[in-house]
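Some notes on the structure that comes next.
The values are calculated or read from the model by the stated rules, or taken from the named source; none is laboratory data. All of these numbers come straight from a predicted model, not from anything done at the bench. Note that we place each Cβ from the backbone using ideal geometry, even for glycine, and neighbour counts take in every protein chain shown.
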Amino acid sequence: MNKLLIACFLLFAHQLIGQAKVDSVKVLEEVTIRAYEADRPLLQVPASVGLILQSDLARFSNTSLVSAVNSLPGVRMEERSPGSYRFSIRGSSLRSPFGVRNVKVYWNNLPMTDPGGNTYLNQLDANSISQIEIIKGPGSSLYGAGTGGVLLLQSPQPKSETSLTGSWLSGSYGLSSYQLAFNQGSKNSDHHVSYQHQQADGYREQARMVRDQVNSTFSFSFSDKEKLETTIFYTDLYYQTPGGLNETEFNADPRQARPAAGTQPSAVSQQAAVSLRSFYTGISHEYQFSKNLHNRTGVYGNFVQFENPSIRNYERRLEQNLGARSVTDFSFDVGKWKSKLFGGAEFMRGYSPVKNYQNLQGYPGLLQGDDEIRTLQYSIFGQAEISKDSWIITGGLSANWVSYRLLRLSDLPVVPQETTYRPLLTPRVALLRKINNAFSIHTNASWGFSPPTLAEVRPSNGIFNTDLQSEKGLQLEVGARGYFINRKFFIDAALYHFVLDETIVVRRDITGADYFVNAGATNQNGAEVLLNWQPTLLSSSLSAFKVWTGITLNHYEFKDYEKDNVSFNGNDLTGVPNRVYTGGLDIALKNGIYWHVTLNYTSSLPLNDANTAFAKSYTLLGSRLGYKTSAKKLPIDIFAGADNLLDETYSLGNDLNAVGGRYFNAAARRNYYLGARFGINFIHKNNTY
């Protein structure tokens, strides 16, 4: 069957390309990158930055970020069940049994990661994101504590027009989604507001998900020098958690939820699920003091009501987070050298009452624990950049403070517990050389400092761990990117060596509760390549043709790691595949028909530190076929697609180092979807619409 699919793919591509005469040369779009405050094209950024645009999301159903993120080299997003995600950059998933940790996330230039180091990435609908930049490796020099990397998320920005857009989608396993968005713009102000709803029954038992989100962005320009922007979203999310299966259960019936075992009840009987209501609001102010001096300052608040009936207990949290970030930049010239200085600070404070109850089949029972947790995190940072002709040199430095304070009100006497992680200076130096207008090479060295997150200091076993040490890492990297052969090809390649000391890894006790320990060190060597081919069009009916591929090669291993007198030195790093190959084809005809084909091969990966259990390799094939009109007033996009066309049985969200070998969370087998997107663009004339 694989050979037949490939043959059909090649035949269709040949028919489209070989029809007629030379039309034009398509050039890959230059996108302005914000990472490290660059504000310049990707070719001039001396760092490995992955980029996801709306066109990348449109290759898939756009009900999840997983497929689009996993098309990038060096990045891995996992889904244990609909709504339950993990996100890792260059092997950082060891610290994330669930959720997103050790990866700093920003929403419209403001922190979205809470002061305790956790990010609820699942509170965002994929339709509420217009662009993602992914910084690979330590970004501490400008973005605070962390060694895993940084995500810069951008919501759909208001435009100077008035329009109404909507979308609808329905698919296998009860998938349903719809969106409505309104945009209104004028000379000095713009407003974008949208509502998204998504629900799914899920492939597995006890895997239903429902999410509603309202998202709003408003910008107002007081003058050419001053601008104010507000961002607000509210999310109401509910998703069930089916739990991990052991290999026998996974092979017998991958769709089942975790069954009862011994004294442990089943996921169904305990109604295991997560309920999350989140309200986020932020205000950013920009002011251009002069031609060379500029400041951007923002404040935000995030309030989360979290409930989690699990197999072990019933947890309720009310998280209240406040913070601010300010960056000032000053530009000047010294002779022929252009210089730019950045300085700033970031402050975050959190307060979270956490109560644990006995779980009585989805309802809270007797109180088991009552904690109040206060978190403080702040950093100061600076960066200098000089450039001349074909050279760009960057140097950055930051210092970061983190402290946790816990009051356990359910234990008498009440004794405050506190731990503070003293800062380390985390520098970064980078050098870029432009070979010509179409090609550049770069190298950089970045140091990372990553104190334990709150979920690691106070894990699900409830023990406040003040002995856990901060991770410290150094990444050395060289890379090249650019166009060649008459700009028909684009390549972005990187080689890196990452050494991490005091590596934090997850453990689970006999009840299945998480706890964390420092595991010596790791050596992480990798190679990443992204290659696009956009040839000269040879068909009068063809408006776009693009072939792309991504290659990730990892050699990650433990060093100086011993547990219970057993050495794990030289073992492969848990949860990281050695090889990932991605690729695809994007075709668009001038009559409006388009076709996307995507492929993802992921090699086997170790599920425990001892390397005695592995998840099997898998190959995913997806396709989306649609028709899009080019009408400016009434654009319409009708499409149908399928994922996992090869009908693979595989686990996408693996529970690492799980007790009883319950590693596996099965992903959906072959599934289909059908959808439509429409719009109405109003013409503004004489102040009426």
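One table, with the values for the structure above:
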{"quantity": "Matching residues, segment 223-258, being in contact (Cβ under 8 Å) with a residue 24 or more places away in the chain and assigned to a loop (DSSP other than H, G, I, E, B)", "calculated": "224, 225, 241, 242, 243, 244, 246, 254, 255, 256, 257, 258"}
{"quantity": "Criterion (at pLDDT 90 or above, within 29 Å of residue 168 (Cβ to Cβ) and not hydrophobic (A, V, I, L, M, F, W, C)) met by exactly one of 120, 143, 106", "calculated": "120"}
{"quantity": "Segment 309-330, residues that are free of Cβ contacts under 8 Å to residues at least 40 places away in the same chain and not β-branched (Val, Ile, Thr)", "calculated": "317, 318, 320, 322, 324, 326, 330"}
{"quantity": "So residue 654, is it buried (at least 19 other Cβ atoms within 10 Å of the Cβ) and on the phi < 0 side of the Ramachandran plot", "calculated": "yes"}
{"quantity": "Residue, surrounded by the most Cβ atoms within 10 Å (Cβ to Cβ), within segment 482-500, restricted to residues that are of a type in the set (Gly, Ala, Ser) and in contact (Cβ under 8 Å) with a residue 60 or more places away in the chain", "calculated": "494"}
{"quantity": "Members of segment 73-90 that are of a type in the set (D, E, K, R), crowded, with 24+ Cβ neighbours inside 10 Å and either in contact with a helix residue (DSSP H, G or I) (Cβ under 7 Å, 6 or more places away or on another chain) or assigned to a strand (DSSP E or B) (or both)", "calculated": "76, 80, 86"}
{"quantity": "Residue in segment 47-59 that is in contact with a strand residue (DSSP E or B) (Cβ under 9 Å, 6 or more places away or on another chain), charged (D, E, K, R) and under 27 Å from residue 284 (Cα atoms) present", "calculated": "no"}
{"quantity": "All strands (runs of 3 or more DSSP E) inside segment 466-542 with 2 or more residues being out of contact with any helix residue (DSSP H, G or I) (no Cβ under 6 Å at 6 or more places or on another chain) and at pLDDT 85 or above", "calculated": "471-484, 489-501, 521-533"}
{"quantity": "Which numbered condition residue 204 misses (of (1) among the charged types (D, E, K, R); (2) surrounded by 18 or more Cβ atoms within 10 Å (Cβ to Cβ); (3) at pLDDT below 95; (4) in a loop (DSSP other than H, G, I, E, B))", "calculated": "(3)"}
{"quantity": "Segment 548-588, residues that are without any contact (Cβ under 8 Å) to a residue 60 or more places away in the chain, hydrophobic (A, V, I, L, M, F, W, C) and either in contact with a Cys (Cβ under 8 Å, 6 or more places away or on another chain) or farther than 16 Å from residue 73 by Cβ (or both)", "calculated": "558, 566, 568, 588"}
{"quantity": "Only one of 312, 325 that is buried (at least 18 other Cβ atoms within 10 Å of the Cβ) and not in a strand (DSSP E or B)", "calculated": "312"}
{"quantity": "Residue among 210, 274, 214, 268 that alone is within 26 Å of the chain's Cα centre (by Cα), surrounded by 18 or more Cβ atoms within 10 Å (Cβ to Cβ) and β-branched (Val, Ile, Thr)", "calculated": "274"}
